[in-house]
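Visitor: Handing you a structure now.
The values are calculated or read from the model by the stated rules, or taken from the named source; none is laboratory data. Computed from a prediction, not measured in an experiment: that's the story for all the values here. Here the Cβ positions follow ideal geometry from the backbone for every residue, glycine too, while neighbour counts run over all protein chains shown. The area values use the complete protein model at the heavy-atom level, side chains included, leaving out ligands, DNA and RNA. Shrake-Rupley method; radii C 1.70, N 1.55, O 1.52, S 1.80 Å.
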Amino acid sequence: MSHTSEEIASQPGCWERAISELPSYEKALPAPGERVAVIGCGTSLFMARSYAALREGERHGITDAYPASEHKVDRCYDRVLALTRSGTTTEVLTALGSAASSARITVVTAVADSPAAALADDVICLDHADERSVVQTRFPTTVLTLLRAHLGLSTSAALADIGTALALPLPHGLTTAGQITFLGSGWTVGLADEAALKVREAAGHWTESYAAMEYRHGPIAVARAGRAVWSLDPVDPSLGEQIGATGAALRQPTLDPLAELVLAQRLAVRLAEDAGRDPDRPAHLSRSVILDTAV
């Protein structure tokens, strides 16, 4: 079994531990009313976008999510929240060095003594969710589970559904699809982006991702028989009809969106193995992007 598969299967325990330890992290996380910038790269960026949408949806305060390479953390924020598994990514370190002096910095990482942690006022170390695989699975979902719980949102559905996500047979229409488009709405747009990235990273498979109501504004043109659309949020009935008319297979969600993402992680491994690829070590990727010079 690949490290990726083992790490995917370990997520229930990671999520439960993060929730149980939340009281010890409360003071390090954004308080209601704080103006917050959340930064990350790749997978961490998509978790940042999902969290930002959830936090604003719960009216906890202005929350902007930025790619670390395109940050605006020198603006007037009360807190900068950096999500970084390794704590070594060059763009994240550069962004943290540019944060306004008035901003308190919180780093969520899997490595307590990382360079990013050294730049932080507060560190949340989820080392139990660290990974051997280059491809991130359990660390980002554990981070988002923790952040959902911190916002006062129920995580019971996600915890109940993840067992199903780990056991459910992968639909034939997805395992044989030549192209897959992931859709989301609100906070699940970030999850759709992450699902598409997982399949691209691990399997080198053609995937795209969009906000659901944007899909009909051009991207639906690639849909056809032998391809698939997977929405992490229920799609508008009229959009469902349009997708059906293309001949593409449509998966509507049956699980909590984070559990749907776990199912997509499993699909990424399956497609990688079917293609003869190592899901732990995708070509041209590394655990952390470390540049020769700051960006």
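Residue-by-condition table, conditions (1) under 26 Å from MET1 (Cα atoms); (2) more than 19 Å from the chain's Cα centre (by Cα); (3) aromatic (Phe, Trp, Tyr); (4) not in a loop (DSSP other than H, G, I, E, B):
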{"position": "ALA100", "(1), (2), (3), (4)": "no, yes, no, no"}
{"position": "VAL107", "(1), (2), (3), (4)": "no, no, no, yes"}
{"position": "ALA112", "(1), (2), (3), (4)": "no, yes, no, no"}
{"position": "ALA117", "(1), (2), (3), (4)": "no, yes, no, yes"}
{"position": "HIS128", "(1), (2), (3), (4)": "yes, no, no, yes"}
{"position": "PRO140", "(1), (2), (3), (4)": "yes, no, no, yes"}
{"position": "ARG148", "(1), (2), (3), (4)": "no, no, no, yes"}
{"position": "GLY152", "(1), (2), (3), (4)": "no, yes, no, no"}
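Visitor: Inside region 154-179, can you point out the residues that are in contact with a strand residue (DSSP E or B) (Cβ under 9 Å, 6 or more places away or on another chain), outside any loop (DSSP other than H, G, I, E, B) and surrounded by fewer than 18 Cβ atoms within 10 Å (Cβ to Cβ)?
Guide: HIS172, GLY173
Visitor: Okay, moving on. Any residue in region 204-217 that's crowded, with 16+ Cβ neighbours inside 10 Å: show its pairings with residues that are of a type in the set (Lys, Arg) at Cβ separation under 8 Å, as long as the two are six or more apart or on different chains.
Guide: Close Cβ pairs satisfying both conditions: THR207/ARG200.
Visitor: OK, next. When the residues of region 113-146 are narrowed to those that are acidic (Asp, Glu) and touching a residue at least 60 places away in the same chain (Cβ under 8 Å), which ends up most open to solvent (accessible area, probe 1.4 Å)?
Guide: ASP122
Visitor: Could you list, in sequence order, all residues of region 55-83 that are in contact with a strand residue (DSSP E or B) (Cβ under 8 Å, 6 or more places away or on another chain) and open to solvent by 60 Å² or more (accessible area, probe 1.4 Å)?
Guide: GLU56, ILE62, LYS72, ARG75, ASP78
Visitor: Filter region 1-54 down to the residues that are within 23 Å of ALA103 (Cβ to Cβ) and acidic (Asp, Glu) and list them by number.
Guide: GLU26, GLU34
Visitor: Taking ALA283, is it within 29 Å of ALA9 (Cβ to Cβ), touching a His at 6+ places or on another chain (Cβ under 8 Å) and modelled with pLDDT under 95?
Guide: No: the conditions fail for ALA283.
Visitor: Is one or more of the residues making up region 42-58 of a type outside the set (Phe, Trp, Tyr), touching an Asp or Glu at 6+ places or on another chain (Cβ under 6 Å) and over 18 Å from CYS125 (Cα atoms)?
Guide: no
Visitor: Test THR94 against the stated conditions and say whether it is more than 24 Å from GLU7 (Cα to Cα), of a type in the set (Val, Ile, Thr) and open to solvent by 20 Å² or more (accessible area, probe 1.4 Å).
Guide: Judged against the criteria, THR94 is a match.
Visitor: Now a separate question. Considering only region 27-46, I want to know if a residue exists there that is farther than 20 Å from ALA196 by Cβ, of a type in the set (A, V, I, L, M), open to solvent by 20 Å² or more (accessible area, probe 1.4 Å) and within 19 Å of the chain's Cα centre (by Cα).
Guide: Looking for residues that are farther than 20 Å from ALA196 by Cβ, of a type in the set (A, V, I, L, M), open to solvent by 20 Å² or more (accessible area, probe 1.4 Å) and within 19 Å of the chain's Cα centre (by Cα), one finds none in region 27-46, hence no.
Visitor: So how many residues does region 254-263 have that are part of a loop (DSSP other than H, G, I, E, B) and among the acidic types (Asp, Glu)?
Guide: So the answer is 1.
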